[in-house]
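Below is one structure, written out as C-alpha cells, with a few remarks after it.
The values are calculated or read from the model by the stated rules, or taken from the named source; none is laboratory data. Computed from a prediction, not measured in an experiment: that's the story for all the values here. So basically every Cβ, Gly included, is an ideal-geometry build from the backbone, and we count neighbours across all protein chains shown. Accessible surface is based on the protein model in full, side chains and every heavy atom, while ligands, DNA and RNA are left aside. Shrake-Rupley method; radii C 1.70, N 1.55, O 1.52, S 1.80 Å.
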Amino acid sequence: MTSLIALALLLPLLALAVLRRPRLLRPALVLAPLPLAALAWVGQGSLSLPAMLFGTGYAVDPDTRPFLLLAGVGWSLAGAYAGRRLGPGLPRFAAFWLLTLAGQAGALLAADIAAFYTGYVLMTLAAYGLVVHSGESRARHAGRVYLTLAFIGEAMVLSGLLLLGARHGNVEFVRLAESLSSADGPASLLLVAGFAVKLGIFPLHVWLPLAHPVAPVPASAVLSGVIVKTGLLGMMRLAPAGGADFDVALAWLGLFTAFYGALAGLGQARLKTVLAYSTISQAGLLLIAFAVWRQAPGTAAASVLGVFVLHHGLNKIALFLAAGGTVGAGWLRGILFALPALALVGVPFSSGALAKSELKRALAEVGWDGVTAGLGLASVATFLLLAHAWRLARQDRERVCPIHVAWPLAVLAGALLPWLWAVGTGEPIGLRTVDVWQGVWPVLVGAVLLALKWRVSPGRWPNVPEGDLLVWAVSLYAVVLRAWRCLRWPALHPLSVRPLRLPDPGPALARLPVIGLGLLLVVAVLFWRLHGP
C-alpha cells in the first residue's frame with residue numbers, strides 16, 4: 001500500500017519527462033492516474049514522511065476512496081481523449097495537465113493540513129494553464145476570472161487553515177475531526193466559503209461558465225467532473241462539524257444553487273456553457289449532501305456523498321466528452337449523450353436515481369422535509385436544462401470525427417460504477433415503488449412545461465450572459481461610473497473612478513496562494529536541514 005501511494009503521488013511528475021515524446025506521452029496520460037483508482041479498491045493504508053514539512057503524511061481512508069476512484073477513472077479517460085485529439089499543442093497542454101493531476105493526487109491522499117494545502121494550491125494554479133490553453137482573448141479573460149476567484153478562495157482557505165493550525169498544529173485529519181469545537185467556528189466558516197469557490201456554489205460560481213467553454217474538451221471534463229469535487233473533500237476534511245442552524249442554511253443554499261444553475265443555464269446558447277451551469281446546479285445537491293453528512297456522519301449520509309461524487313463526476317465527464325463528439329451526426333452519438341443526461345435527471349434505475357434516493361433517505365433521517373420536497377422540483381429544472389443541452393447538441397453536425405473510445409467508456413462508467421460502489425459498501429440498492437415514481441414525475445412535469453413553453457414562445461429561452469452575476473455587476477458598475485462622471489458638482493471634481501478591470505495573471509500569481517506555498521517550501525527546507533538525516 002505504501003509503495004502504491006508513493007507511485008500515485010510521483011507518477012504524474014515522472015511523466016513530465018516524456019513531454020517531447022508523443023508515443024510515450026499519450027500512454028502516460030492514461031496510465032498516470034490509474035494508481036489512484038487502484039488505491040480506491042485496495043482499502044486503507046498510509047505513507048509517513050516525518051522529515052518533510054511538519055511531519056507530512058498521506059493516507060487512504062473510507063472518506064477519500066470514492067474521490068480516488070473518480071479521479072483515477074476520470075483523469076485516465078479524459079487523458080486518452082486528449083492524447084488523440086489535441087494535436088501539436090499536446091506537450092504544452094500535458095505539462096499543465098500532469099501538474100494539475102499531481103496536485104489533486106496530493107490533496108486527495110493528504111493526511112494532514114500541510115500536505116493538503118500543498119497539493120490543493122498546486123492543483124489550483126496549474127489548472128490555469130488548462131483554462132487558457134487556446135490563447136484566445138476569451139480564454140485569457142476566463143483565466144483572469146478563474147485566478148481572481150481562485151485567489152479569493154485560497155485567501156479564505158489559508159486564513160482558515162492558519163486559525164486551525166494555531167489551535168491544533170499540523171494535526172492529522174482523523175485527530176482534527178475529534179478535537180474540533182465551537183471555538184473553531186470562524187475557521188470552519190472561512191474554509192467552507194473558500195472551498196465553495198472550487199465547488200461552484202452561488203454566488204462564487206462565476207468562474208465555471210467562463211472557464212469551461214474556452215478550455216479544451218478533456219480539460220473541461222476534468223474541471224467539471226473531478227477537480228470541483230476537491231472543494232467538497234476540503235469541506236469534509238477541514239470543516240466536518242458545525243451547528244444545526246448553519247448546516248440548515250448550507251442545505252438551503254445548496255437547493256437555491258441547484259435551481260439557479262439550472263435556470264441560468266437555460267439562457268445559454270452554447271453547449272459547453274449549458275453543461276457548466278449544470279455542474280453548478282449539481283454542486284448545489286452535493287452541498288446538501290455535505291450539510292446532511294455534517295449533521296449525521298454515521299448514517300446513510302456517509303455513503304450518499306460517495307455515490308453522488310461518482311454519479312455526477314463520471315456522467316459529467318461523459319457529457320463533456322460528448323461535446324467534442326458531434327452528437328448530431330448519428331443516432332448512436334445521440335444515445336451516448338442522452339444516457340448520462342437522463343442519469344443526471346434521476347430517471348428510474350439510473351445512477352442518478354440511486355444517488356437521489358440515498359440523499360432523500362439521509363434527509364429524512366435528519367428531518368429536513370422542506371429540502372426533500374425541493375429536490376423533486378430541482379429535478380424538474382434539471383430535466384429542462386438537459387433537454388436544452390440535448391437540443392443544442394443535436395444541432396452539431398459539422399466536423400464529424402470518429403467516436404473516441406473514451407466517450408462510450410465514460411458513459412458505461414457513469415452507469416455502472418456508482419451501483420458497484422454501493423454494492424461494495426453494503427448499501428441497500430433495491431428501489432421501492434415510491435422511488436421509481438420519484439424518478440418519473442419530474443420528467444413528466446418537465447415534459448409538460450417544455451411543451452407549453454414551445455407552444456407559447458417557441459425558440460430560445462431568455463438570454464443570460466455567460467458569467468451572469470459578474471457580467472451584471474460590471475454592467476452596473478459601468479452605469480454608476482457614467483452617472484458619476486455626468487455629475488458636475490464641484491465637491492466631486494477631485495474624486496475619480498477608474499474603469500473596473502480584472503487583474504492580469506502575472507501580478508496575481510505573486511499573491512497569497514503562491515506566498516503561502518512558498519512559505520511551506522521554505523519551512524520544509526529548514527526543517528529538513530535541522531531535523532533531517
In the stretch 13-41, anything at pLDDT 90 or above and touching a strand residue (DSSP E or B) at 6+ places or on another chain (Cβ under 9 Å) is listed as Leu39
Looking at (1) open to solvent by 10 Å² or more (accessible area, probe 1.4 Å); (2) of a type in the set (A, V, I, L, M, F, W, C); (3) part of a helix (DSSP H, G or I), can you tell me which one Ala59 breaks?
-> (3)
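Name the single residue that is modelled with the lowest pLDDT among those in the stretch 289-325 being over 23 Å from Ala415 (Cβ atoms) and open to solvent by less than 10 Å² (accessible area, probe 1.4 Å). I'd like the intermediate steps shown before the answer.
Taking the stretch 289-325 and keeping what is over 23 Å from Ala415 (Cβ atoms), we get 290-299, 301-302.
Adding the requirement that they be open to solvent by less than 10 Å² (accessible area, probe 1.4 Å) leaves 290-292, 301.
Numbers: Phe290: 90, Ala291: 89, Val292: 88, Ala301: 61.
Ranking the qualifying residues of the stretch 289-325, first place goes to Ala301.
Right, Leu149: open to solvent by less than 10 Å² (accessible area, probe 1.4 Å) and within 15 Å of the chain's Cα centre (by Cα) or not?
Here the answer is no, as Leu149 does not meet what is asked.
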What tally of residues in the stretch 8-23 results from selecting those that are open to solvent by 80 Å² or more (accessible area, probe 1.4 Å) and in a helix (DSSP H, G or I)?
-> 4
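Could you grab me the full set of residues in the stretch 380-421 that are assigned to a helix (DSSP H, G or I) and either of a type in the set (Val, Ile, Thr) or touching an Asp or Glu at 6+ places or on another chain (Cβ under 8 Å) (or both)?
In the first step, residues of the stretch 380-421 are kept if they are assigned to a helix (DSSP H, G or I); the result is 380-394, 406-421.
Selection gives Val380, Thr382, Val411.
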Quick one: is Pro186 assigned to a helix (DSSP H, G or I) and open to solvent by 30 Å² or more (accessible area, probe 1.4 Å)?
-> yes
Among Leu99, Leu69, which is the only one that is touching a residue at least 40 places away in the same chain (Cβ under 8 Å), closer than 13 Å to Leu130 by Cα and either open to solvent by less than 30 Å² (accessible area, probe 1.4 Å) or assigned to a helix (DSSP H, G or I) (or both)?
-> Leu99
Restrict the check to the stretch 356-367 and report whether at least one residue is of a type in the set (Asp, Glu), free of Cβ contacts under 8 Å to residues at least 60 places away in the same chain, out of contact with any strand residue (DSSP E or B) (no Cβ under 9 Å at 6 or more places or on another chain) and on the phi < 0 side of the Ramachandran plot.
-> no
Within the stretch 85-96, residues being among the hydrophobic types (A, V, I, L, M, F, W, C) and open to solvent by 10 Å² or more (accessible area, probe 1.4 Å) number 3
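Determine which member of the set Ala115, Ala177 is at pLDDT below 90, open to solvent by 10 Å² or more (accessible area, probe 1.4 Å) and part of a helix (DSSP H, G or I). Working first, answer last.
On the way: Ala115 fails: open to solvent by 10 Å² or more (accessible area, probe 1.4 Å).
Step by step, each of Ala115, Ala177 is checked, and only Ala177 is at pLDDT below 90, open to solvent by 10 Å² or more (accessible area, probe 1.4 Å) and part of a helix (DSSP H, G or I).
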Please work out if Leu122 is at pLDDT 90 or above, within 12 Å of Leu29 (Cα to Cα) and open to solvent by 20 Å² or more (accessible area, probe 1.4 Å).
-> no
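Which count do you get for residues in the stretch 251-270 that are open to solvent by less than 30 Å² (accessible area, probe 1.4 Å) and touching a helix residue (DSSP H, G or I) at 6+ places or on another chain (Cβ under 6 Å)?
Going residue by residue through the stretch 251-270, those that are open to solvent by less than 30 Å² (accessible area, probe 1.4 Å) are 251, 254-255, 257-258, 261-262, 264-268.
Subsequent filtering for residues that are touching a helix residue (DSSP H, G or I) at 6+ places or on another chain (Cβ under 6 Å) retains 251, 254-255, 257-258, 261-262, 264-266, 268.
Going through the stretch 251-270 one residue at a time, the tally reaches 11.
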For the stretch 214-250, how many residues meet the condition of being of a type in the set (Gly, Ala, Ser), over 27 Å from Ala115 (Cα atoms) and either free of Cβ contacts under 8 Å to residues at least 24 places away in the same chain or surrounded by fewer than 24 Cβ atoms within 10 Å (Cβ to Cβ) (or both)?
-> 3
